[in-house]
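Quick notes on the structure that follows.
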Amino acid sequence: MAVRRLVEAAGVKLARQGKVLAGTCPFHDGTGAPLVIDPAANTWACSACNASGGPVEWVAKAEGVSRRHALVLLAEGLPVHGTAGKVKHNTIPKLAAPVTLDADDQGLLRQVVDFYHQTLKSSPEALAYLESRGIRSGEAVESFRLGYANRTLGLRLPAKNRKLGAELRGRLTKLGIYRATGREHLNGCLVIPVFGPSGEVIELYGRKTTPNLRPGTPLHLFLASEPRGVWNLEAFTPSKTIIIANSLIDALTLWVNGYKNVTAIYGPRRLTDELFAGLREHQTKTVLLAMRRDAEGDRCAEGLAETLALRGVSSYRAHSGVRLP
């Protein structure tokens, strides 16, 4: 987006002065402060504001929003006009809220899943992460409603000092989408939903995508302290043999490479009750344990094999040609 177009949309008349355009800055209540636009560099500057920048900085200043919010406004091509005079921080979101207060808890979770899904599909960084993990599959993205949380959900909610904003954030906090601190729980994560037999949202798993995180930052997050459900219920249908991967990311990698009868545990030896129930209901004959080839993976495979044996299920360590990341 050209800075010149944004400035003119705010009602500023520009005149050429050599290689630049000049006008009156709209943020000073008629003081006549000079505004200079450099079309070649696509930048603006106002000495009275002590501010300058490109299109993002202009939108942030004109609309009274954060730089992140301004990026989303520009990306979605929404009308941006700005306000004459001193601009205050805007507490009314200019983006449509993806969640509604009249939805029940399950409806609210589905709306969040849909929003994260659309966010992933428009996020180059999230798609690049998927590719780096060997998950270069639009089919996988759509089949499993993969998503991405990058704090843009909060940009679309009414501010917490407004009644609707407080109520929405309160319900999202109760569901685990937000923390009690007000931070989005899965921020910076690839989000993998876990659905139930009727398509209900049972769980959300988040895998941090940002490298060089602060020491102690968990890479794997769930909504619940004890994760629930079975990822990829369809794994039980085509075969009496089920592959259990070390993580949901590993399971997705196997699925993309043609191993459709794959599911995953949610951490070392963490077989959910629902997974055991599925094995029993579908009379699964054999479980292949696709654990990583390291000391931790060996311990995990041995523990799972013992647990499965106690339930009467035979298991074997998988040796596939697929390199698990």
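Just so you know, all these numbers are worked out from the coordinates, no wet-lab data involved. Only a predicted model underlies this, so the values are computations on that prediction, with no experimental measurement involved. Cβ: placed from backbone, ideal geometry, glycine included. Neighbour counts: every protein chain shown.
Tabulated data for the structure shown
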| item | result |
| --- | --- |
| Förster radius 41 Å - calculated FRET efficiency between GLU131 and ARG280 (Cβ-Cβ, nearest 0.05) | 0.65 |
| Reachable aspartates and glutamates from LYS61, criterion Cα separation under 16 angstrom, eight or more residues apart if same chain | GLU8, ASP29 |
| Helix-only [θ]222 nm of the chain, DSSP H runs n ≥ 4, -39500 (n - 2.57) each, per residue, nearest 500 | -9500 deg cm²/dmol |
| Reachable aspartates and glutamates from LYS19, criterion Cα separation under 15 angstrom, eight or more residues apart if same chain | ASP38 |
| Inter-part distance where segment 1-21 and segment 215-280 are each reduced to a Cα centre, Å | 55 |
| Overall Cα dimensions of segment 109-215 - principal axes, largest extent first, Å | 43, 38, 25 |
| Cα-based equivalent ellipsoid, segment 18-78: semi-axes from gyration tensor eigenvalues, Å | 21, 15, 9 |
| Tail weight of P(r) past 12 Å, computed on alpha-carbon pairs of segment 204-249, percent | 72 |
| Calculated from backbone phi, Karplus (6.51, -1.76, 1.60) coupling profile of segment 98-103 in Hz, x at Gly/Pro | x, 10, 10, 5, 7, 6 |
| Cα-derived Rg to Rh of the chain, Kirkwood definition | 1.11 |
| In Å, descending, principal axis extents of the Cα set of segment 233-317 | 32, 31, 19 |
| Kyte-Doolittle mean at least 0.0, axial Cα span of 20 Å or more - DSSP H helices of the chain | 295-310 |
| Per-residue ³J(HN,Hα) for segment 143-155, Karplus 6.51 cos²θ - 1.76 cosθ + 1.60, θ = phi - 60°, Hz, x for Gly and Pro | 4, 10, 6, 4, x, 8, 9, 9, 6, 6, 4, x, 5 |
| Cβ-isolated cysteines (cut-off 4.7 Å), the chain | CYS189, CYS300 |
| Check: the chain dipole with +1 on Lys, Arg Cβ and -1 on Asp, Glu Cβ, in debye | 780 |
